1. Consider residue 173 against the criteria (1) within 28 Å of residue 109 (Cβ to Cβ); (2) without any contact (Cβ under 8 Å) to a residue 12 or more places away in the chain; (3) not charged (D, E, K, R): it satisfies all of them except one. Which criterion is unmet?
2. Any idea which residue in region 502-527 is surrounded by the fewest Cβ atoms within 10 Å (Cβ to Cβ), counting only those that are among the aromatic types (Phe, Trp, Tyr) and under 22 Å from the mean Cα position of the chain (by Cα)?
3. Which condition breaks for residue 399 when tested against (1) hydrophobic (A, V, I, L, M, F, W, C); (2) touching a Cys at 6+ places or on another chain (Cβ under 6 Å); (3) at positive phi?
4. Can you name the helices (runs of 4 or more DSSP H) wholly within region 304-359 that have at least 3 residues being out of contact with any strand residue (DSSP E or B) (no Cβ under 6 Å at 6 or more places or on another chain) and farther than 14 Å from residue 282 by Cα?
5. Residue under question is residue 440, and the condition is that it be surrounded by fewer than 21 Cβ atoms within 10 Å (Cβ to Cβ), in contact (Cβ under 8 Å) with a residue 60 or more places away in the chain and under 27 Å from residue 465 (Cβ atoms); does it hold?
6. Identify the residue in region 518-557 that is at pLDDT 90 or above and assigned to a loop (DSSP other than H, G, I, E, B) and, among all such residues, is nearest to residue 484 (Cα to Cα).
7. Pull up region 170-198, narrow it to residues that are small (Gly, Ala, Ser) and surrounded by 18 or more Cβ atoms within 10 Å (Cβ to Cβ), then point me to the one that is modelled with the lowest pLDDT.
8. Residue by residue through region 160-179, note down the ones that are within 17 Å of residue 196 (Cα to Cα) and in a helix (DSSP H, G or I).
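The values are calculated or read from the model by the stated rules, or taken from the named source; none is laboratory data. These numbers come from a predicted model, not from an experiment. Using ideal geometry, Cβ is built from the backbone for each residue, glycine included, and neighbour counts are taken over all protein chains shown.
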Amino acid sequence: MPPKLKTSSLHSQLTVALSLTPAHRSRHFLSPYSILFKPNLTTYLQTIIHRFFSDQSWLSVPGNPLIKWPSQSHHPHCPPSHPIPNPISIHNPDPKFSQNDFSTISNLFTDPNVSPGPAFEAALDQTEVEPDPILLQALFDHFDSSPKLLYTLFFWAEKQPGFQSSATLFNSMINMLAKSKKFDSAWSLVLDRAALVSGDTFAIIIRRYARAGMTQPAIRTFEFACNLDPIRESHSEMSLFEILLDSLCKEGHVKAASEYLDQKRKLEPSWVPSVRVYNILLNGWFRSRKLKHAEKLWEEMKMDDVKPSVVTYGTLVEGYCRMRYAERAIKLVHEMRKEGIEPNAIVYNPIIDALGEAQRFKEAMRMLERFLVLESGPTISTYNSLVKGFCKAGDLAGASKILKMMIGRGFVPTPTTYNYFFKYFSKHAKIEEGMNLYTKMIESGYTPDRLTYHLLMKMLCEEERLDLAVQVSKEMRARGCDMDLATSTMLVHLLCKMRSFEEAFTEFEDMIRRGIVPQYLTFQRMNDALKKEGMIEMAQKLRGMMSSVPHSMKLPNTYSRDGDASRARRTSIMRKAEAMSDLLKTCKDPRELVKCRNSSENVVSSANLLIEDIKKKADKT
């Protein structure tokens, strides 16, 4: 069992680790929370409602009782910490980029009274901002979960005198449309603006089709692109072919990728796949946990006399480690050495990761020591794997030591590193520890990523900490992470659970405004709750909003409008589980279990009959 770590000990170790960061060595850290209990419910909700409609995130306000922000005095060699500005701002190293223009348009994006389309265009006209590709690219990066508003912004900019879109901005627009599954609109842009289209454009569309499970459109996009003169002249066909296979494999469509490869080989019998193509397919089969297919492909690669690279061995090692065959992976390391290929991080990292996952930390540390003597040496991923393993095992002291070790060796932790701590805190509802680590990250100059906010929101929503969840959502927006489907859904569900229906409606409405289609489950829960509360007019508006966007009407099997029916079903499941547990304790004949499983009779009664039958047989003997 991993050693238990006291909260104070963990805080001190993480504080030391954060203070060792090369770029930011602030001497002042945030105090633990002074308020982590729920106040009187009425006062509590009134306070939240006030904060919900406030523009500024009070997590960022110095002197707030929940989080003490440090004083403005700083170490002479340290850059000052930056509280979150209001309105929204970003780091702007480019002098051509106007921060005022960015803030002005950002305020329109966050204004719930401004709708996409003509109203948004009129508001943009009134700002008198002269758009340029750099400014628009920053807005696309910041509001990546607001497709409708970005769509209006792009076309408004194109109408302005002197504006010319860059290839990067154009591809961002294509990606935004394809991400929202607006493939028709994406293709319209591709066909209308051929001068901006490149191989990267088609790579984006291929990847988005694969992610949407649309394998045939992805293949047809590749074939269409290969027939265009610019693609042929730039010799991008093979690169796009590899992107097609990689996209299909990463999204679980390995069979489709393999079949298309076989089709190409039949059409061109003399063509032999490159080592990169083999690596992609090998990785795909391993990710799908199809060991026999992967090993068969490995043999085919040898028969085609394609020389494996260090990436090939790394893919094989990672695949075996993923399937818990660490010993086979280590044998491959010896094999590749015989082939004259020296292992590097691509090979060692998966082994260390697998040993960490299996909580074989002594072996993982020995492997790390072996790795240290190599010229390439460990990477940030190596240390992150160890941090992940210790956090999963609940050994935060061990994880903190790895954190300190990596910083001491010159590696700056990434948001991924700290997200493993946040995953542990989220899983075990450690709100105080999680929020203190978050504030210390901000104080030390780190920028949380989207997953950090997802984990924080998940933890706070599950623990019904509406006050903190609302304010973390503000932090998320202000730090450049637009609220996406997952975080917005969590917040809406929590608001409904806390009976803050007007605020839930506002968030739901904002999702629609920005172009995010809420899950049908979210709509159904809100609709049922509003009708139950007698808020008929609001329920009608909700139905109107949902009907205005294309959506699925599927609900999970566990969903029930009738709470009594839901409780009855849970009770029935528990009775069946208990009966099956009794059966497994007394039955030693697998054939009897099969009969019970296949029976169309009620599980409980059939289990009781089987138990009686077994007892009778036992009495006879």
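1. Of (1) within 28 Å of residue 109 (Cβ to Cβ); (2) without any contact (Cβ under 8 Å) to a residue 12 or more places away in the chain; (3) not charged (D, E, K, R), only one is false for residue 173: (2).
2. Start the filter on region 502-527 by keeping residues that are among the aromatic types (Phe, Trp, Tyr), which leaves 505, 508, 520, 523.
With the extra rule that they be under 22 Å from the mean Cα position of the chain (by Cα), the set shrinks to 508, 520.
Numbers: 508: 25, 520: 16.
Only one residue tops the list, namely 520.
3. Single failed check for residue 399: (3).
4. On the way: elements: 310-322, 326-338, 345-357.
Filter on region 304-359 gives 326-338, 345-357.
5. Yes, satisfied.
6. 518
7. Looking only at region 170-198, we keep the residues that are small (Gly, Ala, Ser), and these are 172, 178, 180, 185-186, 188, 194-195, 198.
From what's left, surrounded by 18 or more Cβ atoms within 10 Å (Cβ to Cβ): 172, 178, 180, 186.
On the way: 172: 96, 178: 96, 180: 91, 186: 95.
Top of the filtered list is 180.
8. First pass over region 160-179, keeping only residues within 17 Å of residue 196 (Cα to Cα): 162-178.
Passing the criteria: 167, 168, 169, 170, 171, 172, 173, 174, 175, 176, 177, 178.
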